[in-house]
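Single-structure report; data block below.
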Amino acid sequence: MTRFSTLGMMLFLAGCGGVHGFKGDTRHVPRIAPMATGPISTACLTSDRKARSRALCGCIQAVANETLSGSEQRRAVQFYSDPQSAQDTRQSNRSGDERFWRAYTAYSERADLICR
């Protein structure tokens, strides 16, 4: 009886796995890219980037929804039409720009992991 209990416990624990898609955890990446619509997906689709597609733009919007606030998303949209604004923000010494750049960098790294 003890063997069956031990075997049952081992099978139960083996099936537990990890938590996929946990916000902020880049170790577990969903197998299927998420999709969403919003300001970033719209900017992405209307951009002149060759790699754009509904799937890619929807995926990066879904990641943005998980990692950026609405105001941060609206601010990031301008990077599509004005890449110099991204450079200016990155090099800025203002504390608000630095906070935004850290959030934007975390978002872009996560989007790269999930949406490629």
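Nothing in this text is a laboratory measurement; each read-out follows from the coordinates by a stated rule. These figures come from a predicted structure and were not determined experimentally. Note that we place each Cβ from the backbone using ideal geometry, even for glycine, and neighbour counts take in every protein chain shown.
Beyond 21 Å, what share of the Cα-Cα pairs of region 32-115 remains, rounded to the nearest whole percent? That fraction is 23 percent.
With both labels modelled 7 Å from their Cα along Cα-to-Cβ, the GLN91 to GLU109 distance reads 2.3 nm.
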